[in-house]
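The values are calculated or read from the model by the stated rules, or taken from the named source; none is laboratory data. All values derive from a computational prediction rather than experimental measurement. Don't worry about glycine lacking a Cβ; one is built from the backbone with ideal geometry, like all the others, and counts go over all protein chains shown.
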Amino acid sequence: MQKPNAATKQQIKRLRELVQEATRVAVLTGAGISAESGIPTFRDAQTGHWSKFRPEELATPEAFRRNPDMVWRWYAERRSAVRAAKPNAGHFALSQLETSVPNFTLITQNVDGLHRRAGSQRLIEIHGNILRVRCFGGCVSYADWVEAEARGFTGRQGAASHQGSTGHQGATGSAVPELGSVPRCPECGDYLRPDVVWFGENLPEAGIEQAFTATEQADLFLSIGTSALVYPAAMLPQTAVQSGATVVEINPEETPLSAMVHISIRGTAAVVLPQLVD
């Protein structure tokens with residue numbers, strides 16, 4: 001893990017001062033922070049059998065309706081990799097930072113749930129969470145579905161809790177599928193699907209509105225490990241600049257955002273962020 005040089009140390013020192021002075025902080029994280037935990041980026045996950053497919057062929061509603069078993073198996077492998085990964089020092093530093101800032105919002109493009117596992121509470125997962133499932137027909141969403149890491153399900157029944165449109169929460173005793181068989185919603189019988197945003201789908205309206213509100217109100221905005229190429233998330237740091245926030249980028253590589261921010265720190269989240277909370 002590369003240590004910061006003298007110039008970077010000065011930038012980190014200035015960022016530490018900004019954090020101490022800030023009352024409203026918004027943070028956007030991207031694939032870079034998860035890559036440090038060993039989770040491949042979305043496109044890098046195309047290995048082995050899946051290398052002959054483009055992500056756009058697997059992560060769309062049309063692909064799921066056309067071949068739900070194939071899409072489910074691909075996501076089962078991705079869930080397995082996510083479950084095996086652990087939050088890194090960057091995730092834990094953001095969780096600690098949350099407790100020291102009066103008004104803090106963490107917005108992530110990642111679907112791996114590592115921020116939550118690290119203890120983050122004020123979290124907006126704008127692209128969803130791969131460890132959750134929901135009804136393809138839209139009647140109900142499910143949280144904490146118990147799945148085997150590589151086989152889809154553990155063989156247990158009644159392992160999910162669900163929240164329907166009425167807001168009622170309860171247990172379900174749906175039948176448990178074998179590998180290659182996509183689970184069905186016990187409410188309506190349609191397929192269950194990963195609770196993630198696919199190509200061609202809109203982001204959850206409530207989540208993206210909360211993200212932009214937090215960004216517009218922030219006096220300090222951190223963009224961490226994101227390429228600044230995926231919209232509408234890429235609009236958040238731009239909105240922060242326009243709203244008068246001090247915007248800081250933390251990324252080992254230059255991005256389209258680098259030229260417009262106030263501070264651009266060349267480093268990884270796991271190296272830079274712990275120095276803000278020491």
Task: Some residue of segment 92-99 being under 28 Å from Met235 (Cβ atoms) and small (Gly, Ala, Ser) - done: yes
TODO: Could you pull out the residue among Gln96, Gln109 that is within 26 Å of Ala206 (Cα to Cα), touching a residue at least 60 places away in the same chain (Cβ under 8 Å), surrounded by fewer than 19 Cβ atoms within 10 Å (Cβ to Cβ) and not aliphatic (A, V, I, L, M)?
DONE: Gln96
- [ ] Could you tell me which residue of segment 247-263 is surrounded by the fewest Cβ atoms within 10 Å (Cβ to Cβ), considering only residues that are in contact (Cβ under 8 Å) with a residue 40 or more places away in the chain and farther than 14 Å from Ser227 by Cβ?
- [x] Ile263
Open item on the list: Quick check on my filter: what residues within segment 185-199 are more than 14 Å from Val230 (Cβ to Cβ) and under 18 Å from the mean Cα position of the chain (by Cα)?
Closed with: Arg193, Pro194, Asp195
Task: Members of segment 191-245 found to be surrounded by 15 or more Cβ atoms within 10 Å (Cβ to Cβ), under 27 Å from Arg78 (Cα atoms) and of a type in the set (D, E, K, R), listed by number - done: Arg193, Asp195
TODO: Confirm whether Gln275 is farther than 30 Å from Leu58 by Cβ and in contact (Cβ under 8 Å) with a residue 60 or more places away in the chain.
DONE: yes
Task: Sole exception among (1) without any contact (Cβ under 8 Å) to a residue 40 or more places away in the chain; (2) assigned to a helix (DSSP H, G or I); (3) not polar (S, T, N, Q) for Gly138, by number - done: (2)
Task: Residue that is farthest from Ala31 (Cα to Cα) [pool: residues in segment 224-278 that are at pLDDT 90 or above and hydroxyl-bearing (Ser, Thr, Tyr)] - done: Ser243
